[in-house]
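> Let me begin by handing over the structure; questions about it come next.
The values are calculated or read from the model by the stated rules, or taken from the named source; none is laboratory data. Just so it is clear, the model here is predicted, and its values are computed rather than measured. Counting neighbours? That spans all protein chains shown, and the Cβs are built from the backbone with ideal geometry, glycine included. To get the accessible areas, we keep the full protein, side chains included, count just its heavy atoms, and leave off ligands, DNA and RNA. Shrake-Rupley method; radii C 1.70, N 1.55, O 1.52, S 1.80 Å.
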Amino acid sequence: MTAQGVASQTGSGPEPPNTPLNQGRPHSARMYDYFLGGKDNYVADREAAAKVLTLWPGVMIAARTNRAWMHRAIRFLAAERGIRQFLDIGTGIPTRPNLHEVAQGIAPESRIVYVDNDPIVLAHAQALLKSRPEGRTAYVHGDITEPETILASPDLTEVLDLSQPVALSLVSLLHFVPDDWGPYDLVRRLVDALAPGSYLVLSHITPDFDPEATQKTVQVYHSGGIQGKIRTKDEVERFFTDLELVEPGLEVPHRWRTDLAERDSHVETGDVTDAEVSFWAGVAHKP
Ligand SMILES: C[S@@+](CC[C@H](N)C(=O)[O-])C[C@H]1O[C@@H](n2cnc3c(N)ncnc32)[C@H](O)[C@@H]1O
């Protein structure tokens, strides 16, 4: 597959190609949108999401907690580590604030490239292109199983300078990549392409706290045709091989640098349990 770009900067690009949305089957992006309280989902997504909710009642809290963690991780990288370039794979349906709004809120000159393989995200990509004039954003319709295609996309290379540090964000994505697709190798190929001083930002669903609920949830996704695997702490930690996890290491998202929470963040970091959230999250530095 060729990664298709949607023009960058202020969103004046061409209309996205006419890709089928396949409304009859659930999609991970649209189910996640439902869990976040969004409206870009169809009956099949809501039915599958309702099944998940009966098995894992905390899933809506988990989605919001993950999203709030992403905001803090990006704020940390922009404010404390001076990162100005971001590559976000598995972006999801736009949900404000989007990653570029968080990064450009601190450093307006930040450059962000979004990547997702779901046609519905592509259909909404214009919302991701509303960059501050000092910075740039671009959207690439691509798949993490083809890292080199993503990295070589002209829309990416026009916006990101890969000789300089980039934060690679794989947030709530890799549980949709089963072991036989080689997830560790895919992450390594992406990280290898980044300059020293880059960062990996990664969160992942885990069975560690509530194995029954989370494993049954996986079965709902599988029966809807969505592949994946949830992973233990050790298995998630393996994605950070040869990288230096920043404090506090691989942690549940609601305890990761809660000092960075903003009052306007729509998600609390306090009153949730590890079982409700069932995620591991971490940020690591490439030496
Ligand atoms: C649960 S959402 C996460 C959205 C966002 N990163 C967040 O955490 O708020 C997962 C996203 O990954 C996308 N996705 C799933 N498999 C993918 C793949 N193989 N390549 C690229 N994107 C993928 C889905 O379309 C969906 O938008």
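> Looking at (1) assigned to a helix (DSSP H, G or I); (2) near the ligand (Cβ under 10 Å from one of its atoms), can you tell me which one Val115 breaks?
The one condition Val115 does not meet is (1).
> Which of (1) assigned to a helix (DSSP H, G or I); (2) more than 19 Å from Ser203 (Cα to Cα); (3) open to solvent by less than 40 Å² (accessible area, probe 1.4 Å) does Ala138 not meet, given it meets every other one?
(1)
> Let me ask something else about it. When you scan the stretch 38-76, how many residues do you find that are closer than 28 Å to Glu262 by Cα and touching a Ser or Thr at 6+ places or on another chain (Cβ under 9 Å)?
Residues flagged as closer than 28 Å to Glu262 by Cα and touching a Ser or Thr at 6+ places or on another chain (Cβ under 9 Å) within the stretch 38-76 amount to 17.
> Which of (1) in contact with a Leu (Cβ under 6 Å, 6 or more places away or on another chain); (2) open to solvent by less than 60 Å² (accessible area, probe 1.4 Å); (3) of a type outside the set (Ser, Thr, Tyr) is the odd one out, the single condition Glu237 does not satisfy?
Here Glu237 meets the rest and fails (2).
> So, in the stretch 117-134, how many residues would count as being under 17 Å from Gln85 (Cβ atoms), crowded, with 16+ Cβ neighbours inside 10 Å and without any contact (Cβ under 8 Å) to a residue 40 or more places away in the chain?
Going through the stretch 117-134 one residue at a time, the tally reaches 2.
> Determine whether Gly82 is on the phi > 0 side of the Ramachandran plot and crowded, with 24+ Cβ neighbours inside 10 Å.
Numbers: on the phi > 0 side of the Ramachandran plot: yes; crowded, with 24+ Cβ neighbours inside 10 Å: no.
Judged against the criteria, Gly82 is not a match.
> While we're on this one: If I go through the stretch 49-84 residue by residue, how many of them are more than 22 Å from Leu250 (Cα to Cα), in a helix (DSSP H, G or I) and more than 13 Å from the ligand (Cβ to nearest atom)?
If we filter the stretch 49-84 for residues that are more than 22 Å from Leu250 (Cα to Cα), which is where we start, we get 49-57, 84.
Now restrict to residues that are in a helix (DSSP H, G or I): 49-55.
Keeping just the survivors that are more than 13 Å from the ligand (Cβ to nearest atom) gives 50-51, 53-55.
Number satisfying all stated conditions: 5.
> Please state which of the following conditions Gly270 fails to meet, knowing it meets all the rest: (1) open to solvent by 20 Å² or more (accessible area, probe 1.4 Å); (2) within 18 Å of Met60 (Cα to Cα); (3) assigned to a loop (DSSP other than H, G, I, E, B); (4) at pLDDT 95 or above.
Here Gly270 clears every test but (4).
> While we're here: Grab the helices (runs of 4 or more DSSP H) fully contained in the stretch 142-211, keeping just those with 1 or more residues being open to solvent by 10 Å² or more (accessible area, probe 1.4 Å), within 14 Å of the ligand (Cβ to nearest atom) and in contact (Cβ under 8 Å) with a residue 60 or more places away in the chain. Lay out the reasoning, then the answer.
Numbers: elements: 147-152, 154-159, 183-192.
Ranges flagged: 147-152.
> Same structure, new question: Criterion first (in a loop (DSSP other than H, G, I, E, B), at pLDDT 95 or above and β-branched (Val, Ile, Thr)) does Thr95 satisfy it?
Taking the combined requirement at face value, the residue does not satisfy it.
> Return the total of residues in the stretch 29-58 being of a type in the set (D, E, K, R) and over 22 Å from the mean Cα position of the chain (by Cα).
Of the residues in the stretch 29-58, the ones of a type in the set (D, E, K, R) are 30, 33, 39-40, 45-47, 51.
Within this subset, residues satisfying the condition of being over 22 Å from the mean Cα position of the chain (by Cα) are 47, 51.
Of the residues in the stretch 29-58, 2 are of a type in the set (D, E, K, R) and over 22 Å from the mean Cα position of the chain (by Cα).
> Could you list all residues from the stretch 243-264 that are free of Cβ contacts under 8 Å to residues at least 24 places away in the same chain and assigned to a loop (DSSP other than H, G, I, E, B)? It would help to see each step written out before you state the result.
Here is the first cut: in the stretch 243-264, the residues free of Cβ contacts under 8 Å to residues at least 24 places away in the same chain are 247-248, 255, 259, 263-264.
Once the filter is applied, which keeps residues that are free of Cβ contacts under 8 Å to residues at least 24 places away in the same chain and assigned to a loop (DSSP other than H, G, I, E, B), the stretch 243-264 yields Glu247, Pro248, Arg263, Asp264.
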